[in-house]
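Values quoted throughout were computed directly from the atomic coordinates according to the rules given, and no laboratory measurement underlies them. Computed from a predicted model, the values in this text were never measured in an experiment. Backbone-built Cβ (ideal geometry, glycine too); neighbour counts: all protein chains shown.
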């Protein structure tokens, strides 16, 4: 399994047009990478993405025409870091507004591949 799926550091994706998005969750998929943006719950239709292509590199990683990077929070990416910090703060203050339990379920419905040792302690899966 590629290291990108085992990192605990926040990641972001950069599209060919320069657009960037901070990643909340990332999964391996038979066609490439499935990822959930921060606050995906507000608009799942537009915030859960499948990036098709082979995974190349050891960081940054390339998939199709996109690249995946570790989010640098030491003044490297101030706006994205601020967004990630705000998300963490909201998660701590009101975790009920987030559907963290649904992430794995939705990812599996969309074809995500989980490693055998993925910590799922729920009989639904």
Report the relative contact order of the chain, percent, no decimals, based on alpha-carbon pairs under 8 angstrom and at least 6 residues apart. 23 percent
Just to check, using Stokes-Einstein with a Kirkwood Rh over alpha carbon pairs, what's the diffusion coefficient of the chain at 10 °C and 1.306 mPa s in µm²/s? 104 µm²/s
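Using a 10 Å cut-off around each Cβ, can you sort 92, 114 from fewest to most neighbouring Cβ atoms? Spell out each step's value before the answer.
Numbers: 92 8, 114 15.
So the residues, fewest neighbours to most, are 92, 114.
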The residues 46, 12, 35, sorted from fewest to most surrounding Cβ atoms within 10 Å, come out as 46, 12, 35
Please arrange 6, 76, 20 by counting, for each residue, the other beta carbons lying within 10 Å of its beta carbon, fewest first. 6, 76, 20
